[in-house]
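To keep things clear, I will list the structure first and then write my remarks on it.
The values are calculated or read from the model by the stated rules, or taken from the named source; none is laboratory data. Model, not experiment: these values are computed from the prediction. Quick reminder, even Gly has a Cβ in these numbers, built from the backbone with ideal geometry, and neighbours come from all protein chains shown. Side chains are part of the model used for accessible areas, which takes the heavy atoms of the whole protein and leaves out ligands, DNA and RNA. Shrake-Rupley method; radii C 1.70, N 1.55, O 1.52, S 1.80 Å.
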Amino acid sequence: MGDSDLGTSFALGGVDAGAPDEGAAASRIEFLCDPALWGRIPPPERAIRFAPDWFKRLNRDMGMTYENGLPAMTAKACLPMTDAFALGFVIPLPFDVRILVPEDRVSIQFGWADDLPFAPLEQHHPAQIGAPAPPFERVMPLKFINPWRIRVPAGYSLLFTQPLSRPDLPFTCFSGLVDCDRFDTTVNLPFAWTGASGDHVLPAGTPIAQLVPIRRDTMIRHDGARAATADELAVQAAASERKYGEESTYRREWRVKK
């Protein structure tokens, strides 16, 4: 697909996606699909728009207090979890897919409407993941066919991974890091069915992968492990005391707004 292909654009690094200046163009991620599909399939969107219903239903306050008198809060008040839900972008399933999972969880069948322009699901050979050797004794590897080519600025890779904190989804994607600034075609999404056996329908719009742009020259490649010094332990203890003894300390002093 070329530059004339239709798609959806989002800015990276806080730049307005609609701005015409060169800086906006240089910091933009673009999702391109075949023009015949435009308007027929749900587009990728910012990941926060796919926050799960189980999370949305939670109240922040549990209606009780801890022994120190601070209010007991649910995961809804956990800003690191919210930030993870908002990280990057999500690709949705383009069409409804029916999946028949037998008790052996291997002889999986799938299907969809007759008039679809492409097959949204395919099967991998089990030997590609070493099945049936552990941990894949009862796994048939499948893959979502992704209709979106993704363009990112030079120097960026994309981490394709399972939508974060989504135990409600009946599948688990295998993660992959793709240099999408150099890779000029689509990236399909291998996964394993982890839900129950039976007859299932995955509706169009189901989040099938979360994408996290990573600038390669910012990746940390050196590490060190050692015993903490007395001063470092004191700093850690003071931070821990504030974390569990004061309300909203992380939000007020430690979190950087994304």
If we keep only residues of the range 101-125 that are open to solvent by less than 50 Å² (accessible area, probe 1.4 Å) and assigned to a strand (DSSP E or B), then the residue nearest to His200 (Cα to Cα) is Val101
Tell me the residue from Pro102, Pro80, Pro92 that is modelled with pLDDT of 95 or more and in contact with a Phe, Trp or Tyr (Cβ under 9 Å, 6 or more places away or on another chain), please. Pro92
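Restricting to the range 190-199, name every residue that is hydrophobic (A, V, I, L, M, F, W, C) and open to solvent by 40 Å² or more (accessible area, probe 1.4 Å).
Ala196
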For the range 196-213, what are the residues that are under 23 Å from Ser175 (Cα atoms) and out of contact with any Phe, Trp or Tyr (no Cβ under 7 Å at 6 or more places or on another chain)? Ala196, Leu202, Pro203, Gly205, Thr206, Gln210, Val212
Sort out which residues of the range 48-91 are within 30 Å of Asn146 (Cβ to Cβ), open to solvent by 60 Å² or more (accessible area, probe 1.4 Å) and more than 16 Å from the chain's Cα centre (by Cα), and write them in order of number. Trp54, Lys56, Arg57
Residue under question is Val187, and the condition is that it be in contact with a Gly (Cβ under 9 Å, 6 or more places away or on another chain), outside any strand (DSSP E or B), surrounded by 15 or more Cβ atoms within 10 Å (Cβ to Cβ) and touching a residue at least 40 places away in the same chain (Cβ under 8 Å); does it hold? yes
Residues Thr229, Thr185, Thr206: which one is within 26 Å of Arg57 (Cα to Cα) and of a type in the set (Ser, Thr, Tyr)? Thr206
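If a residue must be open to solvent by 100 Å² or more (accessible area, probe 1.4 Å) and either part of a helix (DSSP H, G or I) or over 24 Å from Arg149 (Cβ atoms) (or both), how many such residues does the range 205-234 contain?
Within the range 205-234, the subset open to solvent by 100 Å² or more (accessible area, probe 1.4 Å) is 215, 217, 220-223, 225-226, 231.
Subsequent filtering for residues that are either part of a helix (DSSP H, G or I) or over 24 Å from Arg149 (Cβ atoms) (or both) retains 217, 220-223, 225-226, 231.
Counting residues in the range 205-234 that are open to solvent by 100 Å² or more (accessible area, probe 1.4 Å) and either part of a helix (DSSP H, G or I) or over 24 Å from Arg149 (Cβ atoms) (or both) gives 8.
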